[in-house]
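**Student:** One structure follows; several queries about it will come next.
The values are calculated or read from the model by the stated rules, or taken from the named source; none is laboratory data. Just so we're clear, the structure is a prediction, and the values are computed from it rather than from any experiment. Cβ placement follows ideal geometry from the backbone for every residue including glycine, while neighbour counts extend to all protein chains displayed.
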Amino acid sequence: MNKPYFIHETAVADDGATIGAGSKVWHFSHIMSGATLGEGCNLGQNVFVASGVVLGHNVKVQNNVSIYEGVVCEDDVFLGPSMVFTNVINPRSAVNRRGVYLHTRVGKGATIGANATIVCGHDIGAFAFVGAGAVVTRSVPPYALVVGNPARQSGWMSEYGHRLAFDDKGAASCPESGERYVLKDGRVEKIDN
């Protein structure tokens, strides 16, 4: 029987996992029962997706990423190589905290760079950009660029992934797409053309 998705022969998708059409799961990856992948997802080598995780459509997960229970990624999210999600704020080997996981939502179009760490219970806003190696210890607003340890906001990003330069009236445009943005009261919004 032909499946509408591809799973490499070394990868494992447990019975009860839902995988959308056009998705690809590469070498040595494992998708647990109860996980949901939308259409057109691409999971690189050595990716783990736990039960209860939800990935929207067109989510790109690079090599060596583990996505633990409590994580939801909306459509078009990019997870860079070896980035890390946590799901327990105070883990101890001798204390069972299974079932008390803190949740993390990654908004539509957000990017999380290589080797970044997302401490559980903090959401990443739509089209936000978490720089490589950043350690996120608080929620990140939509369109925000955060870098460092702990991660601090250092600017704003367009939906095409370019840093926005706002003028004195709070207006900016993406150099690639020409899409226009406004910064008002500490929030960025895209202006419909």
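**Student:** If you go through region 55-92 one residue at a time, how many are aliphatic (A, V, I, L, M) and either more than 12 Å from the chain's Cα centre (by Cα) or on the phi > 0 side of the Ramachandran plot (or both)? Can you show your working first?
**Tutor:** To start, the set of residues in region 55-92 that are aliphatic (A, V, I, L, M) comprises 55, 59, 61, 65, 67, 71-72, 77, 79, 83-84, 88-89.
Remaining after also requiring either more than 12 Å from the chain's Cα centre (by Cα) or on the phi > 0 side of the Ramachandran plot (or both): 88-89.
Adding up the residues that qualify gives 2.
**Student:** List the number of the failed condition for Ala172; all other conditions in (1) over 24 Å from the mean Cα position of the chain (by Cα); (2) of a type in the set (A, V, I, L, M, F, W, C); (3) under 26 Å from Ile118 (Cα atoms) hold.
**Tutor:** Failing condition for Ala172: (3).
Per-residue answers, yes or no, for (1) touching a Gly at 6+ places or on another chain (Cβ under 7 Å); (2) assigned to a loop (DSSP other than H, G, I, E, B):
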position: Val100; (1), (2): no, yes
position: Cys120; (1), (2): yes, yes
position: Ala126; (1), (2): yes, yes
position: Pro150; (1), (2): no, yes
position: Gln153; (1), (2): no, no
position: Glu159; (1), (2): yes, yes
position: Phe166; (1), (2): no, yes
position: Ser177; (1), (2): no, yes
position: Val182; (1), (2): yes, no
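**Student:** Any chance region 177-189 includes a residue that's in contact with a strand residue (DSSP E or B) (Cβ under 7 Å, 6 or more places away or on another chain), within 25 Å of Leu79 (Cβ to Cβ) and of a type in the set (Gly, Ala, Ser)?
**Tutor:** Checked against the condition, which is being in contact with a strand residue (DSSP E or B) (Cβ under 7 Å, 6 or more places away or on another chain), within 25 Å of Leu79 (Cβ to Cβ) and of a type in the set (Gly, Ala, Ser), region 177-189 yields no hits at all.
**Student:** Moving on. Is it the case that Gly52 is within 17 Å of the chain's Cα centre (by Cα), surrounded by 14 or more Cβ atoms within 10 Å (Cβ to Cβ) and not acidic (Asp, Glu)? Before the answer, list the steps.
**Tutor:** On the way: within 17 Å of the chain's Cα centre (by Cα): yes; surrounded by 14 or more Cβ atoms within 10 Å (Cβ to Cβ): yes; not acidic (Asp, Glu): yes.
In short, yes.
**Student:** With the condition kept exactly as written, say whether any residue in region 142-153 is in contact (Cβ under 8 Å) with a residue 40 or more places away in the chain and within 20 Å of Asn42 (Cβ to Cβ).
**Tutor:** Looking through region 142-153, none of the residues is in contact (Cβ under 8 Å) with a residue 40 or more places away in the chain and within 20 Å of Asn42 (Cβ to Cβ).
**Student:** Right, next: Within region 74-116, which residues are touching a Ser or Thr at 6+ places or on another chain (Cβ under 9 Å) and either surrounded by fewer than 19 Cβ atoms within 10 Å (Cβ to Cβ) or without any contact (Cβ under 8 Å) to a residue 12 or more places away in the chain (or both)?
**Tutor:** Val84, Leu102, Ala114, Asn115
**Student:** For residues that are surrounded by fewer than 17 Cβ atoms within 10 Å (Cβ to Cβ) and among the small types (Gly, Ala, Ser), scanning just region 134-159, find the one that is farthest from Ile191 (Cα to Cα).
**Tutor:** Once the filter is applied, the top-ranked residue is Gly148.
**Student:** Residues that are aliphatic (A, V, I, L, M), under 16 Å from Lys108 (Cβ atoms), surrounded by 15 or more Cβ atoms within 10 Å (Cβ to Cβ) and without any contact (Cβ under 8 Å) to a residue 60 or more places away in the chain: does region 160-173 have at least one? Before the answer, list the steps.
**Tutor:** Step one: list which residues in region 160-173 are aliphatic (A, V, I, L, M), which gives 164-165, 171-172.
Applying the additional criterion that residues be under 16 Å from Lys108 (Cβ atoms) yields none.
No - not one qualifying residue is present in region 160-173.
**Student:** Shifting gears a bit: Sort out which residues of region 13-38 are touching a Ser or Thr at 6+ places or on another chain (Cβ under 8 Å), assigned to a strand (DSSP E or B) and within 13 Å of Ala50 (Cβ to Cβ), and write them in order of number.
**Tutor:** Thr36, Leu37
**Student:** Let me ask something else. Answer yes or no as to whether Ser23 is among the hydroxyl-bearing types (Ser, Thr, Tyr), over 28 Å from Thr137 (Cβ atoms), crowded, with 22+ Cβ neighbours inside 10 Å and at pLDDT 95 or above.
**Tutor:** Details: among the hydroxyl-bearing types (Ser, Thr, Tyr): yes; over 28 Å from Thr137 (Cβ atoms): yes; crowded, with 22+ Cβ neighbours inside 10 Å: yes; at pLDDT 95 or above: yes.
Criteria met by Ser23.
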